[in-house]
Amino acid sequence: MRQSIRTISMLLFLLSTSVLVLLNSAKQKRIFILHSYNTDYAWTQQVNAGIRKAIAENANIASNYDVRYYYMNAKNIPFETAEDAQDPTILAKKSIDLYQPDILIAFDDIAQQYVVAPYYLNKPDMRIVFSGVNGDINNYCMTDERKPGQCYNDAQNVQGTLERIPVASVVEVIRLLKGRNKSLHGNHTRVHFLQDASATAKQDAEYLASVERKPDWKEVEFSRSPIIETFSEWQEYVAAITKDNADFLLVDGYRKLKLEKPEDTIDGMRLYADPADVADWTERNASVPIIGLNGFSSEDGFMLSVGVSPYELGRRAYRQAAQPESDDGANTTTEKIGVSHQYLVAVNACSLARRGVTLPNILEVFARTTDQYYTRAKGCQH
């Protein structure tokens with residue numbers, strides 16, 4: 001009799017446990033995080049660090065979400081044409097459809113252009129949170145016709161954060177550098193923006209040159225390079241720049257500089273120049289100081305960088321996704337489309353020393369405090 005009671009008790013316990021697990025699974029919402037790039041990219045690493053921070057901050061509701069990640073690897077494979085994007089898009093879409101998420105978080109423009117906008121705008125029972133978008137959200141639409149209600153700016157299930165270069169902060173950093181270094185003095189300042197063939201560089205160049213940004217540049221004269229396709233073309237172009245036509249170079253896109261003769265790597269063939277090689281060559285050969293427009297540019301080897309914080313973009317995107325919903329399934333946040341406001345300053349001490357530029361103390365403290373102070377660069381030790 002006792003054995004029977006014990007067996008029945010165990011069966012009841014297992015049954016109740018199974019029911020609780022099933023109920024919890026039914027309550028869990030699924031979050032699919034779609035990255036345009038891969039984890040070998042410092043930007044993506046820092047975005048993910050921000051996501052992990054947001055998950056920890058929302059620990060009381062973290063168990064209500066099941067999170068999956070997917071990486072489109074757009075920095076390592078060609079993505080210049082729709083044909084290039086076809087296979088990566090199909091694979092990403094299959095993964096999303098198989099998982100059937102309640103919330104789709106998508107980072108950077110590649111993911112929006114090829115996956116999210118064509119297939120998931122206004123999709124019932126799915127919310128979209130975008131982040132790190134450099135382009136015009138009016139261009140991300142369900143179809144090329146761009147009908148009302150079918151683009152990011154007015155779709156029903158979309159919210160997110162635009163990534164915009166902090167021009168006023170770049171100008172302020174230049175002012176601080178000039179105040180600290182006599183060799184950089186001068187009433188007039190000319191900055192020249194270098195761009196590779198990536199979509200991000202093109203979008204950023206248009207943003208920096210737009211009429212709306214003219215007040216931000218103030219006394220600074222802005223110009224930009226043509227699109228530079230290969231590393232050898234980049235070298236030729238940079239070598240031709242002198243102090244007579246520029247005071248500072250701005251670098252943003254340099255990870256899509258093609259090698260004319262692809263190099264053998266462990267993974268097969270390297271199609272693009274190693275970013276650390278680009279930074280090393282450019283720092284050694286440019287006649288004027290260089291400022292990167294992404295924090296990871298100084299990790300690659302550029303002397304100083306001012307850029308949007310990817311950490312904060314990741315943190316903010318997850319927090320938006322995890323916000324409670326109203327009874328009709330709509331997100332309760334009052335902000336539909338926001339703009340990145342937090343930026344970081346990154347420093348490469350070795351490249352600064354090699355160029356003979358003294359850094360204002362406030363910038364060094366900022367970089368060290370945010371763990372963006374680097375002491376090594378390729379071909380250089382400090």
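All of the numbers you see were taken from the coordinates with simple rules; none came from a lab. Fair warning: this is a prediction, and the values are worked out from it, not measured in the lab. Neighbour counts are summed over all protein chains in view; Cβ atoms, including those assigned to glycine, are modelled from backbone coordinates with ideal geometry.
Pairs exceeding 26 Å between alpha-carbon atoms, taken from LYS53/LYS258; LYS123/LYS202; LYS178/LYS218: LYS53/LYS258; LYS123/LYS202. Farthest towards the positive end of the charge dipole of the chain, among the residues HIS188, ILE103, GLY253, is the Cα of ILE103, using unit charges on the Cβ of Lys, Arg, Asp and Glu.
Given their separation in residues at 0.36 nm each and the Cα-Cα distance between them, SER169 and ARG376 gain 72.0 nm when the chain is fully extended. For segment 83-200, the relative contact order comes to 20 percent (Cα pairs under 8 Å, sequence separation of at least 6).
In a simple Cβ point-charge model (Lys, Arg +1; Asp, Glu -1; nothing else charged), the chain has a dipole of about 1300 debye relative to its Cα centre.
Going from the residue with the fewest nearby Cβ atoms within 10 Å to the one with the most, ARG316, ARG224 rank ARG224, ARG316.
Between helix 275-285 and the chain there is an angle of about 20 degrees, using the helix long axis and the longest principal axis of the Cα atoms. A full extension of the chain between TYR99 and ASP125 corresponds to an added length of 8.0 nm, given 0.36 nm per residue minus the alpha carbon distance. The angle separating the long axis of helix 42-57 from the principal Cα axis of greatest extent in the chain is about 40 degrees. The residues MET303, MET142, when put in order of fewest to most other Cβ atoms within 10 Å, stand as MET142, MET303. When each of the peptides 69-80, 35-46, 230-241 is scored by the mean number of other C-beta atoms lying within 10 Å of its residues, the order from highest to lowest reads 35-46, 69-80, 230-241. If you take all other residues with their beta carbon under 12 Å from the beta carbon of ILE165, and give Lys and Arg +1 and Asp and Glu -1, the sum is -3. For trypsin sites (Lys or Arg not before Pro), the sites in segment 76-152 that DSSP calls loop and that have at most 16 other Cβ atoms within 10 Å are ARG146.
The label point for THR81 and the one for GLN323, both projected 7 Å from the Cα toward the Cβ, are 4.2 nm apart.
Relative to the longest principal axis of the Cα atoms of the chain, helix 199-209 runs at roughly 60 degrees. So I have [x] 18.6; [y] 24.7; [z] 22.1, and one of them is mean projected area of the Cα convex hull in nm² calculated from this model. Which one is it? Label [y] holds the value from this structure.
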